[in-house]
Amino acid sequence: MEFKLTEEQTLIKDTAERIARDHLAVNAKILDEGQGHEALLSNLEQLANAGFMGLTTDEDYGGVNSGFMTFAIAQEALSAACASTAVTLGVNNLTAGVIQAGGTQEQKKKYLTQLISGEVPAASFCLTEPAAGSDPSGLTTRAQMDGNEWVLNGSKIYISSAGIAGFMVVFARTDPDAQKTKGISCFIVEAGTPGLNIGKAESKMGQTGSTAHAVTFDNCRLPANALLGELDQGFKFAIGELHAARIGIAAVGLGIACAAMDAAKAYAVEREQSGQKIAEFQGIQWMIADRETEIDAARLLIQRAAYHKDHGLPFNKEAAMAKLYATEMAQRATYTALQIHGGAGYLKDFPLERYARDARVTTIYEGTSEIQRLIIAREVLKQFQ
């Protein structure tokens, strides 16, 4: 694995850092306060114009196809400024990945081009249901054929970007008699389709700029060509793309951790206590040393997982390890940074409390830490069975 960035990766990293500094960081506080709908759309427009909506998508549809290593590098830089925007970008790339993996040429040309160009600001990945979260194979949303149309009924929850999505990828059961992981199909549902209902934005603890909604389908009628991929084979798309998306979520956790510790280091070299800078206290130095070591370890795990993905190697275990470690590390880093700030870190005048809130959900979405541990254990035990 090559640690030196390529010329393209360096360019994308520099571009991500510039957009993060000039746009995302400026809008982050507004988004966190729930006032920044237009600011989020502006951020997404900037990213689309720079090609970030298609970092892992083929050039035929306007993408860059620079791979998951580059995507992780970009997500780290963007998340350090605004995790809400970065996770919206991540969901867009996740949805694009499903369409690229299973779509017809017509579907790819239409929907990938819309998303990558910024014609639509976002897309949604509709998998989670009230009784099907960590075990998505238990979903009950139903799709039935009626004449030459599909009729969709059911509900989803915690769907990111649903309020601004131009379209969504929806997973529904098409064969209720099949085994749990069988008989699930994937559909593309366009915004405004009759029977598609978007609930109000949920009131969240963190990443408030990235809205999450309940989505219901009430006799939602879709054309026959809304089916994405083969009938009853949608579950493999869902799981396959989730494994890849975990690399991006790990990078989000890493970016938040880096931002928090950078703030802590800057504060430590300025803040005086008992006649000296607190950065000179051994206790503070050890806190910084531990977190910085963990940040580097997380980055290496992410890079390994991305390398495996980009080179066609098995990567499920590596992605799970990266997500587990990086997101759990982000909890430690944000709380350490807040602690170094002392009472000031608890005030909203400083961004530390936002970093802590934003980091918390990274251990939950795209598979909880507990699910990652199950995946890792199953993979490493295979050779002994």
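Bear in mind that the values in this text are calculations on the coordinates, not laboratory data. None of the values given here were measured: they were computed from a predicted structure. Note: ideal-geometry Cβ built from the backbone for every residue, glycine included; neighbour counts use all protein chains shown.
Between ALA297, THR336, ALA245, whose Cα lies farthest towards the positive end of the dipole of segment 237-384 when Lys and Arg beta carbons carry +1 and Asp and Glu beta carbons carry -1, centred on the Cα centre?
Of the candidates, ALA245 comes out farthest on the positive side.
Could you work out the pair-distance distribution P(r) of segment 124-235 from its alpha-carbon pairs, with 10 angstrom bin width and percents rounded to whole numbers?
Per 10 Å bin, starting at 0, the Cα pair percentages come out as 16, 49, 29, 6, 0.
Normalise the Debye intensity by I(0) for segment 237-384, one equal point scatterer per Cα, no solvent, then take log10 at q = 0.15, 0.17 Å⁻¹ and round to two decimals.
Here the Debye-derived log intensity ratios amount to -0.74, -0.88.
For segment 164-199 and segment 93-113, what is the separation of their C-alpha centers, rounded to whole Å?
15
Counting pairs of alpha carbon atoms under 8 Å apart in space and at least six apart in sequence, what relative contact order in percent does segment 1-147 give?
23
In segment 267-385, with Lys and Arg counted as +1 and Asp and Glu as -1 at Cβ, which of these residues, PHE350, ALA377, THR327, has the Cα nearest the positive end of the dipole, that is, farthest along it?
Towards the positive end, the residue furthest out is ALA377.
Do you know the relative contact order of segment 133-289, to the nearest whole percent, from alpha carbon pairs under 8 angstrom that are 6+ apart?
Normalised by residue count, the contact order of segment 133-289 is 22 percent.
If I compute Rg/Rh (Cα atoms, Kirkwood Rh) from the structure I just sent, which labelled value in (1) 0.96; (2) 1.18; (3) 0.99 lines up?
So the structure-derived entry is (3).
Can you tell me the orientation of helix 68-81 relative to the chain, as the angle in degrees between its alpha-carbon axis and the longest Cα principal axis, to the nearest 10?
Between the helix axis and the principal axis of the chain, the angle is about 60 degrees.
Using a 10 angstrom Cβ neighbour count of at most 16 plus a DSSP loop assignment to flag exposed chymotrypsin sites (Phe, Trp or Tyr not before Pro), which longest range of the chain is free of such sites?
By the stated rule (loop sites, at most 16 other Cβ atoms within 10 Å), 4-280.
In nm, to one decimal, how far is the GLU38 label point from the LEU5 one, both placed 7 Å along Cα→Cβ?
Distance between the two pseudo-spin positions: 3.3 nm.
Nearest 10 degrees is fine. How inclined is helix 37-49 to the longest principal axis of the chain, computing both from alpha carbons?
Tilt relative to the chain: about 80 degrees.
Picking from LEU139, TYR158, ILE99, whose Cα lies most toward the positive end of the charge dipole for segment 86-187 (charges on Cβ: Lys, Arg +1; Asp, Glu -1)?
It is ILE99, whose Cα lies furthest towards the positive end.
Under the rule that an exposed site lies in a DSSP loop and has at most 14 other Cβ atoms within 10 Å, name the longest stretch of the chain with no GluC sites (Glu not before Pro) of that kind, not counting the sites themselves.
271-385
Quick check on the chain: of the DSSP beta bridges with both residues there, what percent are antiparallel, nearest 5%?
If we restrict to bridges inside the chain, about 80 percent are antiparallel.
Restricting to Cα pairs below 8 Å that are 6+ residues apart, what does the relative contact order work out to for the chain? Please round to a whole percent.
This gives 16 percent for the chain.
Across segment 7-121, what fraction of all alpha-carbon pairs, as a whole percent, falls in each successive 10 Å bin from zero upward?
Going out from 0 Å in 10 Å bins, segment 7-121 shows 15, 48, 29, 7, 0 percent.
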